[in-house]
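A short worksheet on the structure shown next.
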Amino acid sequence: LFWTALVAPPGGTKSPAFAKARAPLHREEARWVAENVTAKSAFDVESDRHAAAMKEWKSNGCVGEPPSKPPRPNLRQSTLDDVTVEACGKVLCDNPRGVIVLKDELVGFLRSMDQYRSGGKGSDRQFWLSAWAGSYCKVNRAGSHDAGPLIIPHPFVAIAGMLCPDSLPELRGDNRHGVHAQDGFLDRFLLSYPDPLPAVAETWGTVSEPVERAYCQVFMRLLALEMVSEPEPGCMTTYRPYFINFNERGRAAWSEYTAGLAHKINALEVSDPFRGVLSKFRGYGLRFACLLACLKTKEIIGADEMTGAALLADYFEKHALRCHGRGSGDPTTRIAQRLIRWMSRRPDMNHFTKTSAFLAVKDKTAVQSSEAIVPALKMLVDHNYIRPAQPDNHKPGPTPEFYLINPDWSRPPC
């Protein structure tokens, strides 16, 4: 299960590429709709026969077991457009293998959360956070409460869409002072933020038929995978995902991957929000490895699959740094991030001095003197977080360096 987002400015030709990428799913869904129409016609005929059999059974004094109702056909779906929790729950009950939410603009998906709740307050965001982990879900039905809740033992909802760079703060959940919601929502997205390409004249380039055919075959192979039934005595049969195990070399490679990931996380400050981003790459490392094994029609994860998974994780980690405004992770950027977190924790503070900023982030390694924060302060000025100013009612003596905090802080990427 993957949550992915392509970040590109307007005019970056995101939509044509996205349409091409999702075309195989839409073609399959069109076929499933046609099959469902045929199945529903047969169901209507069987329903009429059942009604006649019930009438006859009742006229005979209800002797014996009543005639069995024909099963209603479910429409197989792989994509989801209505992303309200109840609508998603209904589709997942009929499609336990899961679906994918496809959005040209992911910010619209975010804004739709809790839109039908009083004051816009509800638990939609929490539902999606849990669904990413495949955790057990129970969805209460508003319009048919008597029918009981929808139970989804293994929710599987992938998300794919596009974003403009200016939308990243909203996806992060930043408020006016740039404070993260700290619920890990953006952390769960695999972000790709490539450098914009220059505009060019018509090249008449297309995706070759062999490449497009091979790409479609990947979808068909994955869609053909079946879940594993788990019949329980006296209960309905449930289904779970298929499990793939490590071989000995795969286990060693996984241990090496997680050790490297732990080292990166431990190198950051405890309060650094990017720790949450890195922590998600533990789960994504497994998901990448499983995907590669399935594409090779293997039932085991070996060293080769883990090598590929590590390369994919490294790619998305680099793009996550960019999307989270981390730049290249140089010392100036890290100090600037610490200053941002210091200001974020003080929403009522509208100004500060260089000395107070130094005392807030002083340490025994990177910031041992006030001069160490000068490049970071300049970076924050350049990106419109703060601006230099003259202090009011200055007392006799040296004039301190004084900065005003932007009251409309929107946290542009560093």
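The values are calculated or read from the model by the stated rules, or taken from the named source; none is laboratory data. Everything numeric here is computed off the predicted structure, so don't read it as measured data. Cβ sites come from the backbone with ideal geometry, for glycine too, and all protein chains shown count toward neighbours.
Scanning the stretch 289-304 for residues that are farther than 9 Å from I244 by Cβ, at pLDDT 90 or above and out of contact with any Asp or Glu (no Cβ under 8 Å at 6 or more places or on another chain) yields a count of 4.
Out of the residues in the stretch 1-50 that are more than 27 Å from E317 (Cβ to Cβ) and of a type in the set (K, R), state the one that is surrounded by the most Cβ atoms within 10 Å (Cβ to Cβ). Filtering the stretch 1-50 for residues that are more than 27 Å from E317 (Cβ to Cβ) and of a type in the set (K, R), the one surrounded by the most Cβ atoms within 10 Å (Cβ to Cβ) comes out as K40. The residues of the stretch 49-103 that are part of a strand (DSSP E or B) and of a type in the set (V, I, T), listed by number, are T79, V99, I100, V101. Residues considered: L292, L312, L261, L268. Of these, the only one that is touching a helix residue (DSSP H, G or I) at 6+ places or on another chain (Cβ under 7 Å), closer than 22 Å to L191 by Cβ and without any contact (Cβ under 8 Å) to a residue 12 or more places away in the chain is L268. Close contacts from the stretch 368-382, counting a first residue that is closer than 17 Å to R341 by Cα and surrounded by 14 or more Cβ atoms within 10 Å (Cβ to Cβ) and a second that is of a type in the set (F, W, Y) and at pLDDT 90 or above, with Cβ to Cβ under 6 Å and a gap of 6+ residues or different chains, come to I373/F358. The set of residues in the stretch 213-258 that are of a type in the set (S, T, Y) and either in a helix (DSSP H, G or I) or without any contact (Cβ under 8 Å) to a residue 24 or more places away in the chain (or both) comprises Y215, S229, T237, Y242, S255, Y257, T258. Examine the stretch 353-364 for a residue that is in a helix (DSSP H, G or I), under 25 Å from A267 (Cβ atoms) and touching a residue at least 40 places away in the same chain (Cβ under 8 Å), and state whether such a residue exists. For the stretch 353-364, residues in a helix (DSSP H, G or I), under 25 Å from A267 (Cβ atoms) and touching a residue at least 40 places away in the same chain (Cβ under 8 Å): present. Condition check for K354 on (1) more than 22 Å from P273 (Cβ to Cβ); (2) surrounded by 14 or more Cβ atoms within 10 Å (Cβ to Cβ); (3) within 35 Å of the chain's Cα centre (by Cα): one failure, at (3).
With respect to the conditions (1) modelled with pLDDT under 90; (2) surrounded by fewer than 16 Cβ atoms within 10 Å (Cβ to Cβ), R338 falls short on a single one, namely (2). When the stretch 1-18 is filtered for residues that are within 25 Å of R287 (Cβ to Cβ) and in a helix (DSSP H, G or I), the ones remaining, listed by number, are K14, A17, F18. Within the stretch 208-232, the set of residues being within 28 Å of P9 (Cβ to Cβ) and surrounded by 11 or more Cβ atoms within 10 Å (Cβ to Cβ) comprises E212, Y215. Here the condition is being among the basic types (K, R), at pLDDT below 95 and in contact with a His (Cβ under 9 Å, 6 or more places away or on another chain); of R322, R326, R275, R346, it holds for R346 alone.
For the stretch 383-399, the set of residues classified as loosely packed, with under 14 Cβ neighbours inside 10 Å, within 17 Å of T355 (Cβ to Cβ) and modelled with pLDDT of 80 or more consists of P388, A389, Q390, listed by residue number. Among the criteria (1) under 30 Å from L150 (Cα atoms); (2) buried (at least 17 other Cβ atoms within 10 Å of the Cβ), the one F246 does not fulfil is (1).
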